[in-house]
Amino acid sequence: MVFNSYTFVVFFAVMLLLHNLPLSWKVKKINLLLASYIFYAAWNPPFILLLWLSTVVDFFVGRALYTQQNKVKRHALLVVSLIGNLGMLCFFKYGTFFLENFVALCNVLGFDYHPAQPSIILPAGISFYTFTTLCYTIDMYKRESKPVKSMLDFSLFVTFFPHLVAGPIVRPPQLVPQFETERKATKQQLLDGLLLLTLGIFMKVALADNMLAATADAVFGAHAPLGSLDAWAGVLAFSGQIFFDFAGYSTAAIGVALCLGFVLPQNFAYPYAAIGFSDFWRRWHITLSSWLRDYLYIPLGGNRKGHFRTYINLMITMLIGGLWHGANWTFVVWGGLHGLFLWIEKAMQDSRRKATNLSSDDAVVATASVIPGVKIKENFLKALLTFFLVCITWVFFRSATFGGAWVLLNAMFAPRPGTAPLLTSIAIVKVAVVITLMLVCHWTMRKTTVLKTAGKLPWWGVALAWSFMLVMIFLSQESSKSFIYFQF
Amino acid sequence: MKLNLPVKSLLLALALTVSAAVCWELFLRSKGLKPNFDDGPELWANSRAMVYQPSNKATVFIGSSRIKYDLDIPTWESATKTQAVQLAMVGSSPRALLTNLANDPEFKGRLVVDITEVLFFSQSPRLAISPMAGINYYTKRTPAQAASFAVDKYLEANLVMLNQDFYSLNGLLTHLYVPNRMGVYAGLDFPVGFGETAYSRQTAMSAAFLADTNRINKVRGIWGFVAKMDPTPPVTGKALDVILASVKQDVDKIKARGGDVVFLRTPSSGPFFMGESMGYPRAKYWDRLIVTTGCKGVFFKDYPALANLVCPEFSHLKPSDAVVYTNGMIAALKQQTDWKL
């Protein structure tokens, strides 16, 4: 079930009603859990078995990991959990990819190997709930938090429908304590939640699907050589589409949870106003980047093992982060490019630090957070440069093949004369207006949040903006389109 | 520090939104417009699910746009007391739909295939895009999508503003007619009222469209543009043999399960029919199709009641003539087949 569907409107209304009935907290939690299973089963009912399997295995393995004193047994339990979670992810998400690459390798080595093509359906949100359960068992192994006492609370932690299929990726301490005591949205939470839900669906339906998706699809699916204007319009359209689609989902998810009285972590913080790539990853898909930092980069050694290992760890993290997004080498290259830009940025920071003798923290703060008045223009230009480079990386993210990415990059930077124009004037105007407004909005709001801004506006100003979004949603008529990040 | 949102913000937002929606709907209705359905994969999948009825209860129709206009479903259902399941898709070749039904072991019913030669005998993969989109949507339709459609159909049946082609944000922006760069293909822009689709997927021209010569001429101009846009000569020789063999294979599969297939040539007129007759001579295409497949066929020119029907824009019948055509087609089917209609 997607948030932008009539089914969800009915489902959510029923959930709000049930959650506000005078029932015991346990009954309400059971309602939430059953609703979450219905929410998930509405895509493909059989895949709910995977979710149950993952929940049951990790609940018991997690508890055993925490209580088990024998080191060998603890290692064995961790391996069981990792194999269970990552094995499922590898089979469903990367099975075909691994097989294709194995066949290609065999053919390169001269073996004529042609296996039957597997037909594996990717369960919605498997990457997200796998990371959610993985972080629980790893935390239990490291004894960083206590095991969840009840199966009901743990099931709800894994399955809670707002975050289940596309995040934000939650950690046990962020959500489990909220299930321990009765939760009901206050009037303020309900209003905030409804505003965020409206904003999220507006971003998805009116901006991503209605204004940008067709242009991005046309350019990335073009069969003929493109001109520079068309290529840039398509790439900019995708940069907006992917943001509005994913941030829209996260915003709606946070809003839905808030309407029920639960707080989910922030997932986006105006990423296109980022000054540099490390800042970008503090603002884009925050829960994934912090997951990768805490469960991959730091365990690899982080920056504790010298300069060389820091750079290697950074690149490994970004490459795996790229592969997490999809089973294709283009995603790996996308991650690799981000890793490369992080290298360059780190090298520049290191050399600057040497020159100015600043501490590491000072350098980060100086480049990303505190912006003295005189530096605003310089930082704005840096943010624009970051956005420009991020757009180039999106070419690999969106293209199905390297050939396609190369053709598009050529069209962007070295267009062939005499290419036939592709996009209509109105499509180009839509991209120009939406992307310009998006950049202005990101820059002006880079240090605040939507709710803080809304709270400072006059009440009728909020009403006008809210009404504008609602009108745009029903005018868009793009209901029920799936979110891009569901495929990840 | 975050300040609280007042409830009156939400109330005013809802009041403004409802007012805007009501005003917009009333404005569109004041222009004489009526609610109709978006003819997308959702509606097609809804009809596709109906093909499994016994053959004495329903007949399935596939084809291109003509059968969607020319088959008047209320007339068919009242005359035959059976359901007409309309699966034809505008601007497409029905061969992909035929193959889909042939490969579905559960489909054992009656099938009528409408032939528009330029589309049916084409090898262009472009003409299979919308049928494949419908088939993919149907095969991958989730319970949530089916449930959403159940709500959507009531809204679309009652609200004019839910016409996606003309009154959605994109539809409105597209119809601003901002001039394009030379050489940009902006798609075919059919005028409002040319194709209004019902829940049954029957399509009809509106009375306002039929009364407006400008709009009719605009559609005629679009056919002229389409004819020039694709200069590919009609398929002949081995390529035609391959198409016919593939159609026969599909037909045989359906017949082997107890089903039956009849081909139909719906009317076209004026220069359109003249061009079709020259490009796709009956003896080389229609007659070969009937002989190769061993199926019965109803060619409109063979029946006096149907032969002289005139299509306002040369390719599709107006609603009143669709009633005439449907009655004539039923009579022809009774005469040609053993179908108990």
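The values are calculated or read from the model by the stated rules, or taken from the named source; none is laboratory data. Treat the numbers as computed from the prediction; the structure is a model and nothing was measured. Neighbour counts run over all protein chains shown; Cβ positions are idealised from the backbone, glycine included. Accessible surface is based on the protein model in full, side chains and every heavy atom, while ligands, DNA and RNA are left aside. Shrake-Rupley method; radii C 1.70, N 1.55, O 1.52, S 1.80 Å.
Overview of values
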| read-out | value |
| --- | --- |
| Single residue of A:Phe202, A:Phe220 found to be buried (at least 23 other Cβ atoms within 10 Å of the Cβ), of a type in the set (Phe, Trp, Tyr) and touching a helix residue (DSSP H, G or I) at 6+ places or on another chain (Cβ under 7 Å) | A:Phe202 |
| Among (1) within 11 Å of another protein chain (Cβ to nearest Cβ); (2) buried (at least 24 other Cβ atoms within 10 Å of the Cβ) - the single one A:Thr186 does not satisfy | (2) |
| Test: residue in region A:104-115 that is under 26 Å from the mean Cα position of the chain (by Cα) and part of a helix (DSSP H, G or I) | no |
| Near pairs, Cβ below 7 angstrom, 6+ apart or cross-chain, from region A:447-472 (at the interface with chain B (Cβ under 8 Å from one of its Cβ atoms)) to any residue that is open to solvent by 80 Å² or more (accessible area, probe 1.4 Å) | A:Gly455/B:Asn4; A:Trp459/B:Lys8 |
| Selection count where residues are under 11 Å from A:Met140 (Cα atoms) and not in a helix (DSSP H, G or I), scope region A:55-72 | 1 |
| Selection from region B:115-146 of residues that are part of a helix (DSSP H, G or I), more than 14 Å from chain A (Cβ to nearest Cβ) and over 16 Å from the mean Cα position of the chain (by Cα) | B:Tyr138 |
| In region A:1-54, residue modelled with the highest pLDDT [restricted to those that are within 29 Å of A:Asp209 (Cα to Cα), polar (S, T, N, Q) and assigned to a helix (DSSP H, G or I)] | A:Ser36 |
| A:Leu77 assigned to a helix (DSSP H, G or I), of a type outside the set (Val, Ile, Thr), open to solvent by 70 Å² or more (accessible area, probe 1.4 Å) and on the phi < 0 side of the Ramachandran plot | no |
| Options A:Leu82, A:Leu99; residue that is without any contact (Cβ under 8 Å) to a residue 24 or more places away in the chain and of a type outside the set (D, E, K, R) | A:Leu99 |
| Candidate set: region B:164-201, residues that are closer than 26 Å to B:Gly224 by Cβ, within 10 Å of another protein chain (Cβ to nearest Cβ) and open to solvent by less than 30 Å² (accessible area, probe 1.4 Å); chosen: the one farthest from the chain's Cα centre (by Cα) | B:Val184 |
| Per-region count, region B:20-77, residues at pLDDT below 95, over 23 Å from B:Leu98 (Cα atoms) and in contact with a Ser or Thr (Cβ under 6 Å, 6 or more places away or on another chain) | 2 |
| Which numbered condition A:Thr137 misses (of (1) open to solvent by 20 Å² or more (accessible area, probe 1.4 Å); (2) away from every other protein chain (no Cβ under 14 Å); (3) over 22 Å from A:Trp25 (Cα atoms)) | (1) |
| Check on B:Lys68, assigned to a helix (DSSP H, G or I), within 29 Å of the chain's Cα centre (by Cα) and either loosely packed, with under 14 Cβ neighbours inside 10 Å or of a type outside the set (A, V, I, L, M, F, W, C) (or both) | yes |
| Per-region count, region A:381-438, residues open to solvent by 20 Å² or more (accessible area, probe 1.4 Å), within 14 Å of chain B (Cβ to nearest Cβ) and part of a helix (DSSP H, G or I) | 7 |
| Within region B:26-49, considering residues that are of a type in the set (A, V, I, L, M) and either surrounded by 16 or more Cβ atoms within 10 Å (Cβ to Cβ) or in contact with a Pro (Cβ under 7 Å, 6 or more places away or on another chain) (or both), the one farthest from B:Ser200 (Cα to Cα) | B:Leu28 |
| Pick from region B:151-163, criterion closer than 19 Å to A:Ala206 by Cα and within 7 Å of another protein chain (Cβ to nearest Cβ), ranking: surrounded by the fewest Cβ atoms within 10 Å (Cβ to Cβ) | B:Leu162 |
| Residue list for region A:1-28, restricted to those being of a type outside the set (A, V, I, L, M), more than 10 Å from chain B (Cβ to nearest Cβ) and either in contact with a Pro (Cβ under 6 Å, 6 or more places away or on another chain) or open to solvent by 20 Å² or more (accessible area, probe 1.4 Å) (or both) | A:Asn20, A:Pro22, A:Ser24, A:Trp25, A:Lys26 |
| Close pairs (7 angstrom Cβ cut-off, 6 or more residues apart or separate chains): under 17 Å from B:Val113 (Cβ atoms) in region B:226-253, open to solvent by 60 Å² or more (accessible area, probe 1.4 Å) anywhere | B:Leu244/B:Arg288 |
| Verdict on A:Ala253 being within 28 Å of A:Pro22 (Cβ to Cβ), surrounded by 24 or more Cβ atoms within 10 Å (Cβ to Cβ), touching a helix residue (DSSP H, G or I) at 6+ places or on another chain (Cβ under 7 Å) and of a type in the set (A, V, I, L, M) | yes |
